[in-house]
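Student: Have a look at this one.
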Amino acid sequence: MDFSKIINHTKTDTTYKVGDYVTFNHVFISSDSTVPLIPYMNHGTITRIEPNARNPYLIGEGLGWINNESIVNNDYLSNPNYYGDSLVEALKQIGYDSSFESRKKLASMNGIDNYTGSVRQNLELLQLLKSGRLKQ
């Protein structure tokens, strides 16, 4: 048994849960790495949590591991890499709930009253999403 891992291991608070969509400024190659790396994408969905790890959150299917300090301004959704014209597809691409109720909530949070899912309303929300200014 390796007692050094037990003695030197500190518990990390896991504020987020599997399925949470987060924006971050750096990633780590493993759950115990101490070297931050610049990611090719700065947002994603938490798909796994390693309790008590230094970097407990796995992003996507292996984009990297992050911790609470890696996560930044998680009040906005962003998908600058989406080039289509479908809000539903753009939300799905980043792993965010694209149901009508979810879009209605997003519309309300972003100053669009009486959301009906019209083309104009969806394009307005899509522009906010592409520019990283869609409040969630």
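Student: Consider residue 95 carefully, then state whether it is touching a residue at least 60 places away in the same chain (Cβ under 8 Å) and small (Gly, Ala, Ser).
Tutor: So residue 95 fits the description; yes.
Student: For segment 84-109, give me each residue that is under 19 Å from the mean Cα position of the chain (by Cα), buried (at least 16 other Cβ atoms within 10 Å of the Cβ) and among the basic types (Lys, Arg).
Tutor: Passing the criteria: only 103.
Student: Of everything in segment 5-36 that's over 17 Å from the mean Cα position of the chain (by Cα) and modelled with pLDDT of 85 or more, which residue is most open to solvent (accessible area, probe 1.4 Å)?
Tutor: My answer is 29.
Student: Just to be sure, is residue 112 open to solvent by less than 50 Å² (accessible area, probe 1.4 Å) and over 19 Å from the mean Cα position of the chain (by Cα)?
Tutor: Against the criterion (open to solvent by less than 50 Å² (accessible area, probe 1.4 Å) and over 19 Å from the mean Cα position of the chain (by Cα)), residue 112 qualifies.
Student: Pull up segment 40-50, narrow it to residues that are over 26 Å from residue 110 (Cβ atoms) and outside any strand (DSSP E or B), then point me to the one that is most open to solvent (accessible area, probe 1.4 Å).
Tutor: Here the answer is 40.
Student: Going by what's in this entry, would residue 74 be described as closer than 14 Å to residue 96 by Cα, at pLDDT below 95, under 10 Å from the mean Cα position of the chain (by Cα) and open to solvent by 10 Å² or more (accessible area, probe 1.4 Å)?
Tutor: yes
Student: Can I ask one more? So, in segment 51-67, exactly how many residues are open to solvent by 60 Å² or more (accessible area, probe 1.4 Å) and touching a residue at least 24 places away in the same chain (Cβ under 8 Å)?
Tutor: Adding up the residues that qualify gives 3.
The values are calculated or read from the model by the stated rules, or taken from the named source; none is laboratory data. What you see is a predicted model, and the numbers here were worked out from it, not measured in a lab. Don't worry about glycine lacking a Cβ; one is built from the backbone with ideal geometry, like all the others, and counts go over all protein chains shown. Ligands, DNA and RNA are excluded from the accessible area calculation, which covers all protein heavy atoms including side chains. Shrake-Rupley method; radii C 1.70, N 1.55, O 1.52, S 1.80 Å.
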